[in-house]
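This report concerns only the one structure given below.
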Amino acid sequence: MIDDRYATSPELNSFSALIQNFYYTGEGGTFPHPCIHLTLSTDPGSPLTVKTYISTIVGISHERATDSCLFVPISHEINFSSEADRAGLELIASAKDSTSLTAPLLSDSSSLAKTLEQVHGMIVRVQKYIRERGEDNEETRRIGRELMETLALAPRLDAVELERMFNSHLQDVLMVVYLSNLVRSQFDVANRLDLVVT
């Protein structure tokens, strides 16, 4: 088990050893497992930089052990736990292109259209790459085989079935929105009745 706490400083600083020691030995700490120290740089105009470290105590004396650490960089990989995480992060990232630094939430149909545009753009890039390399190239044959294997994994649906599934999903979303508005109205009525009674 590895605990993934983090500090908000973009680089290691004088408090890094104290933070690391707290999460390693404090109540609910990670001992005897290593505690990972993560630094995250969010400077505007520069790419997002993430670094991860584990540490070992190198205090000269027992009193200095809590604030003296040797930080060793370790490799890391950023993964999405679900497609919802990916969609949320892509939405947040799209705000950087806006002058107001905001991104509107997309409806289901707009989200589907955007996804289809992204897939179309990927297909166009692959076609361009294959045309530049030539169709009789071993590398382009390998890409073609991998694309065929990927497409074979996709479920085969005809247009009618796909439209039925999409409309069913859309109706479910609309029902959830309707129920949430109904619950909100119930709360408003209950609060007003409570104010009247008291």
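No lab work stands behind these numbers, since they all come straight from the coordinates. Here the structure is a predicted model, which means the values were calculated and not measured. Glycine gets a Cβ as well: all are built from the backbone with ideal geometry, and neighbour counts include every protein chain shown.
FRET efficiency for the pair H33 and S82, taken as 1/(1 + (r/R0)^6) with r the Cβ-Cβ distance and R0 = 22 Å, rounds to 0.30. The magnitude of the dipole of the chain, with charges of +1 and -1 set on the Cβ of Lys/Arg and Asp/Glu and taken from the Cα centre, is near 200 debye.
An oblate overall shape is assigned to the chain, the ratio a/c of its alpha-carbon gyration tensor axes (a ≥ b ≥ c) being 1.5 or greater and a/b not exceeding b/c.
Taking Cα centre as origin and charging only the Cβ of basic (Lys, Arg, +1) and acidic (Asp, Glu, -1) residues, the dipole magnitude of region 81-198 rounds to 200 debye. Projecting the Cα positions of S46, V124, L170 onto the charge dipole of region 46-181 (unit charges on Cβ atoms of Lys, Arg, Asp and Glu, taken about the Cα centre) puts S46 furthest along the positive direction.
Bridgeable lysines around K128 (alpha carbons under 23 Å apart, same-chain partners fewer than 8 residues away excluded): K114. Listed by chain and number, the lysines whose C-alpha is less than 26 Å from the C-alpha of K51, apart from same-chain residues fewer than 8 away, are K96. If a spin label sat at a point 7 angstrom from the Cα of E146 along the line to its beta carbon, the backbone N atoms of region 121-136 nearer than 13 Å would be those of 126, 130.
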